[in-house]
Amino acid sequence: MEFGPIWRAMLKNKAGFVLIALQIAVTMTIMVNAFAIMQERSNAMGRESGLDEANTFTFYSASFKPDMDIRALVEADLDMLRNLPGVRAAMATNSFPLRQGGWSQGLQLEPGTQSTDSVGAAIYFVDEHGVDTFATTIIDGQNFTPNQVSWKDPEDNTWPAYGIITEALAKELFPEEQGSVVGKTVYLGDTDPVNIVGVIDRLQAPWQDWSGIERSLLVPQRRTPEFQRYVVRTEPGYRDELMLQVEELLANSNRDRIVKGMTTIEQVRKMAYLGDSALIKILTFTVALLVIITGLGIVGLASFNVSRRTRQIGIRRALGATKPAIVRYFMVENFIISSLGVIVGAILAIALNIVMVEAFALEPLAWYVIPIAMIALWLVGQAAVAGPARKASNITPAIATRSI
Amino acid sequence: MFRYYLKLGLLSIRANPALSSLMVAAIAIGIGACMTIATVRHVMSDNPIAPKNDVLFHVQVDNWNPDDPYREPNEPPEQITYIDAKVLYEAGRAARQVVSFKSDRVVQPENADTRPFQQNVRATSGEFFAMFDVPFAFGSGWDQSADLAEEHVTVLSADMNEQLFGGADSVGRMLTMNDESYRIVGVLAEWTPVPKFFDVNNNPFEAPEDIYLPFSVAITGEFGSNGNTSCWKPAGDGGYAAFLASECIWIQMWVELENHSQKQEYLQFLDAYVEQQKLIGRFPRPLNNRLSTPAEWLENQDVVDDNVRVLLSLAVLFLLVCLLNTIGLLLAKVMRRSSDISLRRALGASKSALFSQYIIEAGIIGVVGGVFGIGLTWLGLRGIENLYIEYEFIQHLVRMDWSMISLAVALAVISALAAALYPTWRACSISPATTLRIQ
């Protein structure tokens, strides 16, 4: 290969090549970091909530008459819902995964006020249908029995005595435990013991940005605020028609409350990750645009170089250089520039990533993104230079004999 | 001379349409990307109450857990307890004081055909409207006597008045919420501060509440908070009364203080209050009371989305790529014309004449790129609006204003001139003798 002559020729016009190399370097810096962010976000979006998302919907009921019997209302609603054909399970609860709002509280292994290490967990108030409605599987112990489920007295702040926890929460609470955690006791608040009756495989907390997202606790308690949130899981394929039907039935059941927020969990997921999916789209678009601009820049400069060297190329052709040799010249030249660019780019990309991880609490980038970006930019460079190089190879040797 | 160079510049741009449009496109795209994100950031980091920034203060007192600060390193809680809200409000030590929180009610329209609907409301003491310069279309807010007497009065937003009364002057009419009747005393004009500076708790980028009612009415009516509630120790048994007596924080408090000495006096008053509460066993942490101006508070609460900051840093790099691109292309153009330049130099053109000629040419490219860049910024903002179409408030975040438009043009011209400096310098330093000899 004719590296030597090409390199020495490039040194004659350093500025132009340095500019292209820099442009490739900065392009790579952006590409790598954009890709790292996209990867982080799409991993987050790919986490399973635990719910049967395609077959679950939710709505809420808000009562506004001061002396409403909430307990009777909820029981009547649930009775109606559970007896509808196509409904697999239904319950009234305080929140559900992906909702962005809910109840979290510290769990501790010892009773007492302060200074004990506590583990935060999302709390879902459910009944014996909670496990099935949330589509989770009990992997150890058992579900709540109907007589463990209680109605909370508004004047009483004591916690129920039973709980079902996710596997991730069990690991966090009892990191040393090899056997079953069923039967163990944890404390909610300062003094209220909760006996673990079961462990479920997976159920996310309602906040997708929270680091403890896999830590959830189900407690068998029903509450009587005016505001009740219902979750309904249907048999596959029944969701959409049931939503219409339920809306209709509830609208007519009681004029002293309103039923609203009828929405599918798929829609809830979409809203929860709206920012992330928008960010991914913006970054994809940006990177595509960037590659096009850099590619066009390479095309522009290469064409310029070809036209400036027309005479020299003609002379080389006249002296016996073949067409492929001319093409190769430009390809190798571009390869050298790109290599300089991607090497500087790799350093800049890592530097920027370190700054961004520090400033925005992002995850550090995966090592393999760097070689992938390098190869991608090499290919872009070669593709961009191919056209001008072919044009150069078509310069006739006769040009050498003409003066300009 | 300027007009002549302008003409030459335009001729030269027309002589290389591909190269010139590539340069204009690179600058326009770079400016478009940068300005799209910069506009969103500009809107998000705005201070909508800037005219009163020197006299308004957000109040914080540190009633938190003795073992852990509310937030590292030693930030006092963002909101205050009911106990403190009541005492500080009733003390009336500031020129104006406002305690408020977000809640919700079910509105029951008079017309039986319209179904009741649930609505966010703001329970607030009456000076809210005067303190935050809230504009009224009809009527006014309520005065302190209404707060004291727990009068069922309410103020509606322009939108709510439109929805309920078709935009007519509804002052004096009644509105039923949760089976209780409220007398409408005022209707606001259009008012959407961005960010929602007076309560940044849940989402600083949402519309203000559409219904306002007295704080005292909400407390007696046992309204729950629709915003954040945080407790470092659980509320005792006993329902709402226990909640009111708890160390849970859920109320936002602002005061208006006319000058520095009033501010100092108010801080002293807060310190004295906390010291006195310490005697009865509350406020276990060291004294840590704070008054923040709206600007300080928005900064402290970090309302600008991190995604926007990440994107802005990438967009600035993007503009850098576009500039490098332009520098390379301008350089190529200059080199191609080196024989022209040599000839002109040989015929007596001075370096400064050449310099002005090429800088003007670059300036033209900058201005054209900037104008297209504004167009692309507009498109970019529409794109973002579309990506967030489900988030209604997005329309308030993607608005261009004149300051951003002029910034776009300035940035474009400065970028183009900066990009032109090196190639122009190279052009001016071409030695006429060598270039002409080669010919």
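The values are calculated or read from the model by the stated rules, or taken from the named source; none is laboratory data. Just so it is clear, the structure is predicted and the values come from calculations on it, not from any experiment. Here Cβ is always computed from backbone atoms with ideal geometry, including for glycine, and neighbour counts include all displayed protein chains.
The sole residue among A:Lys260, A:Lys281 that is basic (Lys, Arg) and either within 19 Å of A:Ala90 (Cα to Cα) or touching a residue at least 60 places away in the same chain (Cβ under 8 Å) (or both) is A:Lys260. One residue stands out in the range A:196-205 among those that are part of a loop (DSSP other than H, G, I, E, B) and among the aliphatic types (A, V, I, L, M): the one that is farthest from A:Val181 (Cα to Cα), namely A:Ala205. Annotation: of all residues in the range B:384-405 being part of a helix (DSSP H, G or I) and of a type in the set (Asp, Glu), the one that is farthest from A:Val268 (Cα to Cα) is B:Glu385.
For the range B:87-117, the set of residues classified as within 12 Å of another protein chain (Cβ to nearest Cβ), among the polar types (S, T, N, Q) and in a strand (DSSP E or B) consists of B:Ser103, B:Gln108, listed by residue number. For the range A:1-55, the candidate set comprises residues that are within 14 Å of another protein chain (Cβ to nearest Cβ) and charged (D, E, K, R); within that set, the residue that is nearest to B:Leu320 (Cα to Cα) is A:Lys14. For B:Ala332, the conditions (1) free of Cβ contacts under 8 Å to residues at least 60 places away in the same chain; (2) out of contact with any strand residue (DSSP E or B) (no Cβ under 9 Å at 6 or more places or on another chain); (3) assigned to a helix (DSSP H, G or I) all hold with the exception of (1).
Yes or no, residue by residue, for (1) at pLDDT 90 or above; (2) over 30 Å from B:Thr192 (Cα atoms):
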| position | (1), (2) |
| --- | --- |
| B:Ile365 | no, yes |
| B:Ile374 | yes, no |
| B:Trp378 | yes, no |
| B:Arg382 | yes, no |
| B:Glu385 | yes, no |
| B:Glu390 | no, no |
| B:Asp401 | no, no |
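The listed residues are B:Gly369, B:Gly380, and the only one of them that is part of a helix (DSSP H, G or I), within 14 Å of chain A (Cβ to nearest Cβ), within 22 Å of the chain's Cα centre (by Cα) and surrounded by 19 or more Cβ atoms within 10 Å (Cβ to Cβ) turns out to be B:Gly380.
Residue-wise test of (1) small (Gly, Ala, Ser); (2) buried (at least 17 other Cβ atoms within 10 Å of the Cβ).
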{"position": "A:Met91", "(1), (2)": "no, yes"}
{"position": "A:Asp117", "(1), (2)": "no, no"}
{"position": "A:Ala121", "(1), (2)": "yes, yes"}
{"position": "A:Thr137", "(1), (2)": "no, no"}
{"position": "A:Gln148", "(1), (2)": "no, yes"}
{"position": "A:Asp153", "(1), (2)": "no, no"}
{"position": "A:Ile164", "(1), (2)": "no, yes"}
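Taking the options B:Ala408, B:Ala419, name whichever one is in a helix (DSSP H, G or I), at pLDDT 85 or above and within 14 Å of chain A (Cβ to nearest Cβ). Of B:Ala408, B:Ala419, the one residue that is in a helix (DSSP H, G or I), at pLDDT 85 or above and within 14 Å of chain A (Cβ to nearest Cβ) is B:Ala419. Filtered by the rule that a residue be surrounded by 14 or more Cβ atoms within 10 Å (Cβ to Cβ), among the charged types (D, E, K, R) and free of Cβ contacts under 8 Å to residues at least 24 places away in the same chain, the range B:383-439 gives a lone residue, B:Glu385. So which residues in the range B:247-285 are of a type in the set (A, V, I, L, M) and over 32 Å from the mean Cα position of the chain (by Cα)? Answer for the range B:247-285, where residues must be of a type in the set (A, V, I, L, M) and over 32 Å from the mean Cα position of the chain (by Cα): B:Ala272, B:Val274, B:Leu279, B:Ile280. The set of residues in the range B:214-238 being loosely packed, with under 15 Cβ neighbours inside 10 Å and either within 9 Å of chain A (Cβ to nearest Cβ) or within 18 Å of B:Phe128 (Cα to Cα) (or both) consists of B:Lys233, B:Gly236, B:Asp237. Where strands (runs of 3 or more DSSP E) fall wholly inside the range B:163-248, the ranges with 2 or more residues that are without any contact (Cβ under 8 Å) to a residue 40 or more places away in the chain are B:180-188.
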